[in-house]
Amino acid sequence: MPSATTTEAVPIETAHEDMIHDAQLDYYGKRLATCSSDRTVKVFDVIDGETSKSSGHTLKGHTGPVWQVAWAHPKFGHILASCSYDGKVLIWREQAAGGWTKVKEHTLHTASVNSVSWAPHELGAILACASSDGKLSVLTFKDDGQWGADIFNGHAIGCNSVSWAPATQPGSLIHPQQPGAQPAMPFKRFASAGCDNLVKIWGYREDTQSWVEEETLDGHTDWVRDVAWASNIGLPRSYIATASQDKTVLIWTKDSPTSPWVKTALDPSTASGAPSTAAAGKFPDVVWRVSWSLAGNILAVSCGDGKVTLWKENLRGVWECVSDMSS
Amino acid sequence: MSSTNHHLNLFPPLIQAGHAEQFIQSGKTISFAQSPLNQSHAVFPSARQDAPSIKYSGVEEQPIFFASSETSPSSERRLFIGDTSIIFAALQNLTNTAQNRGQDWLQSQETHNVIRKLTLDYINFARECWIHTSSQDSSQFSGDHYRSLYTCLSLFAVLYVPEYGYEDAPVGDDLMEWLNVHFIEPSTEEGDHLSSLDHPWEDDTFWPYLVRVTLRGLSKAATFFLGTLSTHPSDNLRRLAQQLSPLLQSQPHLQSFEAERDFAYASHRWKDKVQALRLELDNVPEIDRHDGTENWWDRLSDIVGVLEGRNEVIRRVCEDLGADWREASVSWGVFTDVRLRRQDLPEVVSQVVEDMPPDPTNLEDMVHAALFSGDPAKALSHAALLDPWLAAHMADLMQSLSLIEKETNEDSGLNIRDFYVLSYSQYLHADPALWRITVAYMFSCGETGVRSADEVLMHVSLRLSSVGTIAHSQEETNGANMKSGDLAGVVKDINATCYEYQREEVRRTICRIAAQSFVQGKEYGLALSYASSAEDWPGLGRVVDRVLQEYISAGPEQFTRYVAGIAPSLQALRMQSGAQGIFIHRLMFAVRYAEFHQRLSNRDLQDAAWDLISMFQDGIAPKSWWGVLLCDAQQLLQYDGTLLFPYASACILLQHLEEVITRTDQGSGDEYLRVLISKLGCSGTTEALHALQGVRLALAKYFARCTMIGTGEKQVAERKFGAVV
């Protein structure tokens, strides 16, 4: 197989007037939502890696740079969440006639909201948000059309990212599902990445109707920029990836609900073209983003050096860089 | 550096060569989004979050690139993938059957024969694809690539999937056949060239050619050229050549014998003859061993040395001829140790490769070496780099033959087979159109595979808008189809796949997405079908609510049209056990309420009045709708022509009116008046109550009319009600 290739797709021109901060493909990979310092969110149809010219929509409502966008599960309809420097989280819904309208303005945060993330669909339409003052909030869309909101202190300084745990715990034996069989009770849990160098895990207690800090992952020596909880694709354990200002990516694994989280650092010195000066376990620059693939166990990592690398656990359980994309 | 690494460059480049530092200095970084559709990523320049104040003039472009770590298969590759997936499915069937029938059955002759047959099928497809792609220029994978798959699989078959009962038989002849099929030496051109010469032995290539054909066991070619030596000036050579020919032709081959013992005996006898020839050769005087061009004696001695199976001669001859470790190893099994068994081969190969190592940059060579060395797992790791297809299918066969560890690795949670089959399915996932094949491979890989397949299935684009179009075109010819909301197109396929693999939860999730999507497109009939297929009764209730909402927002005409779309579902749902009553009730109400409006618009007032009362009497009208129904009643009460309601019915209206007003007074206005308020477009309960006062007045007048006019009308009406009340 070829080991060096060049992409052939024509780049998409977004027509944003300032830097793009986030881009997210929808559930089917057919639409792309982008957000920018120009205070807008844009939605494009993507066909074979190109956008169709007529399809772009610009969603205006924020009064500051928009940091992140997130698509809700399609069973709830075409819904987007966006968060901004203006401290607001906006929920947008696509109308039957086309075009997007704002259906909810979440204003409980009083500082820049850095991250939004939808919960696994089994839990309902639930959104977690994190802001620069370290606060976390959870927004729940109820059956009667109302929204409920919880807000609480998450990190001492600021919070950069949130990511939900899969609704079902790994390692639970699965059997062919029979019609009418009750699936295992889903559980609400998410991880947050903070400027206090910590990653915290939060669980919802149905009895007290409140969010409780369950565990703290202490391993980074600088701000944690991103956290990504792997979906439960039948692997025997839970996986969390974290990316940090300290130029490392840590993979945290937990074998059973009662066992502790164990961390392993990705080692970019094993990757091709790695500078020989790089220290083992350190990336050349700040690591900004980590994200798990949909099917399988591939982790994508973007680093400040302008490279996106893809990582996979090999048969012996060692993480290897399988691909890299440079700009 | 890992040789597994794929390096991908964006084109056109986002950052010009040498400008990376400048890019980073300017406060930018690179970010990405993963596509759930395939193995691609959207890559874009982004601001570092610690420098959010960068503001550009607006002229700079903000592009997004799509890059994929896997290349989508081209059409010829797709054909190969599709054809071989059928063989994979057949083996899957076999192993599933084995699970029911036990391990003994898996090791039976019957099963072994099937596995062997399927292995040969793979080999044939690889060969076909090689022949096919060799004639094309624009193939994604060259003909040579498929040739290498062909050689690897064929070797695998020779060494690991022999005919049943032959596992412990000598393997030399089979290996030589494999070598001669795949690595043809010497070339036909060389033979043609030599046969065109009068004195071929004077040509430089003559003796090397003759040694090579001997080494390859090509006795016909050897005999032919030994024959040309009949005109050679040396008497000794002429005589020896004449003796050598029948010896080459009579070398015993295993397949000519019933029993290995006979073969071994014959080989022994034959070796004695070779020995006799060696004695004669040694008797040739030194002076006659050179013919002026060449020392023919040395060459002939090499040939006899090969036949004798002299190790050092074979090794040296191979090196001189430029032959590799494969040829040396295989010759060992044909000449040195004719009874060489599969299990002894690794020992031989390890000796050979010490001096003649395989080429580490040639993956095909590495796969062959691992297979020869009896290390199937290592063969797989090289095969995975050559082509994920090869590793997956070979691993699948290896597991069914118990050649690789079946236990899952504790760290990765996968066994060897599943690891390679999953890697291949991830490669397939690069092309979303191959989702059926992708999930078929995933579903064969334990829990991890099943969950991965679930994700792939749930993200298959439903293309519902086209379903709608199909349904519409069907409507012209067969309206019933559309109205009953038959599952169509991709959704039907995914549903079938979910049934096949018993993924009910996945199927339901997909149906819920479809239902939601149809609601958005106001295809309520289809939405209802999907909600009920998902057994999502609250969801079904929400569809009905949306239809009822149409009455409020768009009026009775639109409403009755939409209800026509959902009415056929009612009958089916009533038959269905498990369908939950409350939501079915709401659907019944929507249907009855639409009928009522239909009658109203047809001026069939008597029946309309009857409908209205029966909705109250049967208790199917939700409380929130009572106010609306009562307001509807007002115009019927005020109808001048006849008294449309019997006295008792008017009393029912009055009872309900009283309940609405009393309960509103008690603070339950929201429950009773919600719909009426939005229908009237008013802001609160006051206006709604005002409207209801109008109904009360109409009722009062109606009762007065009843008293005055007497009983005639009442009796007529009551007769109609008799059946129901």
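Each reported figure results from applying straightforward, stated rules to the coordinates on display, with no laboratory input. Keep in mind that what you see is a predicted model, and the values were worked out from it rather than measured. Methodologically, a virtual Cβ is constructed for each residue, glycine included, from the backbone with ideal geometry; neighbour enumeration extends over all protein chains shown.
What nm distance separates the two modelled labels at B:Asp298 and B:Ser668, each placed 7 Å from Cα along Cα→Cβ?
With each label placed 7 Å out from Cα toward Cβ, I get 11.5 nm.
Sequence neighbours fewer than 8 away in the same chain don't count; with that in mind, list the lysines whose C-alpha is under 24 Å from A:Lys142.
A:Lys75, A:Lys88, A:Lys102, A:Lys104, A:Lys188, B:Lys522, B:Lys623, B:Lys679
Determine, for each peptide in B:215-223, B:157-165, the mean count of other beta carbons within 10 angstrom over its residues, then list the peptides with the highest first.
B:215-223, B:157-165
If I take all pairs of Cα atoms in the stretch B:174-340, what percentage of them are more than 21 Å from each other?
In whole percent, the share of Cα-Cα pairs in the stretch B:174-340 beyond 21 Å is 46.
Could you sort B:281-287, B:498-504, B:377-383 so that the peptide with the highest average Cβ count within 10 Å comes first and the rest follow in order?
B:377-383, B:498-504, B:281-287
Over all residues in B:185-195, what is the mean tally of Cβ atoms on other chains that come within 10 Å of each residue's Cβ?
Per residue, the number of nearby Cβ atoms from other chains is 0 on average.
For a footprinting-style exposure proxy, rank A:His78, B:His459, B:His199, B:His690 by other Cβ within 10 Å, fewest first.
The fewest-first ordering by Cβ neighbours comes to B:His690, B:His199, A:His78, B:His459.
Stretch B:Arg316-B:Glu177 to full length: gain in nm at 0.36 nm per residue minus the Cα-Cα span?
Extra length from B:Arg316 to B:Glu177 when fully extended: 47.8 nm.
Helix B:605-617: angle to the longest alpha-carbon principal axis of chain B, degrees 0 to 90, nearest 10?
The angle comes out at about 70 degrees.
Computed FRET efficiency, Cβ-Cβ of B:Asp262 and B:Asp375, R0 35 Å: what is it to the nearest 0.05?
After rounding to 0.05, the efficiency reads 0.55.
Once the other residues with Cβ under 12 Å from the Cβ of A:Ala156 are scored (Lys, Arg +1; Asp, Glu -1), what is the net sum?
0
Are there trypsin sites (Lys or Arg not before Pro) in the stretch B:381-459 that DSSP marks as loop and that have at most 14 other Cβ atoms within 10 Å, and which are they?
For trypsin sites (Lys or Arg not before Pro) across the stretch B:381-459 that sit outside H, G, I, E and B with at most 14 neighbouring Cβ atoms in 10 Å, the list reads B:Lys406.
Using the C-alpha atoms of chain B, what convex hull volume per residue, in cubic angstrom, is computed?
274 Å³
Obtain the nm distance between the two label points defined at B:Asp640 and B:Gln109 by a simple spin-label model: each point lies 7 Å from its Cα along the Cα-to-C-beta direction.
For B:Asp640 paired with B:Gln109, the spin-label model returns 10.2 nm.
Taking each residue of A:297-304 in turn, how many C-beta atoms of other protein chains fall within 10 Å of its C-beta, and what is the average?
Per-residue shielding by partner chains comes out at 4.
Take B:Asp83, A:Asp324 and order them by how many other Cβ atoms sit within 10 Å, fewest up front.
Taking fewest neighbouring Cβ atoms as first place, the list is B:Asp83, A:Asp324.
Could you work out the relative contact order of chain A? I mean the mean sequence separation of Cα pairs under 8 Å and 6+ apart, divided by the number of residues, in percent.
7 percent
How high is the FRET efficiency from B:Ile184 to A:Asp45, r the C-beta distance, R0 56 Å, rounded to 0.05?
Here the calculated transfer efficiency is 0.55.
Subtracting the Cα-Cα distance from 0.36 nm times the residue separation, let me have the gained length for B:Arg463 to B:Glu557 in nm, one decimal.
Residue separation times 0.36 nm, minus the Cα-Cα distance, leaves 30.8 nm.
For A:Tyr204, A:Tyr239, which order do you get if you count the other beta carbons within 10 Å of each Cβ and list the fewest first?
The fewest-first ordering by Cβ neighbours comes to A:Tyr204, A:Tyr239.
Give me the mean projected area, in nm² to one decimal, of the convex hull enclosing the Cα positions of the stretch B:483-591.
6.4 nm²
Which length gain, in nm to one decimal place, applies between B:Gln549 and B:Asp344 when the Cα-Cα distance is subtracted from 0.36 nm times their residue separation?
65.8 nm
Would you compute, for the Cα atoms of chain A, the largest minus smallest coordinate along each principal axis and list the three values in descending order, in whole Å?
So the extents along the principal axes, rounded to whole Å, are 54, 50, 46.
Just need the relative contact order of the stretch B:603-709 here, percent rounded to a whole number, with Cα pairs under 8 Å and 6+ apart.
Across the stretch B:603-709, relative contact order equals 35 percent.
How many Cβ atoms of partner chains, on average, are near each residue of B:446-457 if near means within 10 Å of its Cβ?
6
From the P(r) of the stretch B:603-709, could you give the percentage of C-alpha pairs in the tail past 16 Å?
54 percent
Translational diffusion coefficient of the stretch B:420-460 at 10 °C, 1.306 mPa s, Stokes-Einstein with Kirkwood Rh over Cα pairs, in µm²/s as a whole number.
167 µm²/s
What distance in nm separates the two pseudo spin-label positions at B:Asp337 and B:Gln99, each 7 Å out from Cα along the beta-carbon direction?
Result for the modelled spin labels: 4.1 nm.
For the modelled label position 7 Å from the Cα of B:Asp288 along Cα-to-Cβ, which residues of the stretch B:221-240 have backbone nitrogen atoms closer than 20 Å?
Correct set: B:226-240.
Please state the relative contact order of chain B as a whole percent: Cα pairs under 8 Å, 6+ residues apart?
With pairs under 8 Å counted, the relative contact order is 7 percent.
Which of the peptides B:675-688, B:512-525 is most tightly packed, and how do the rest follow, going by the mean number of other Cβ atoms within 10 Å of each residue?
B:512-525, B:675-688
Thinking of the protein assembly as shown as a set of Cα atoms, what percent of all their pairs are more than 39 Å apart?
So the pairs more than 39 Å apart make up 59 percent of the total in the protein assembly as shown.
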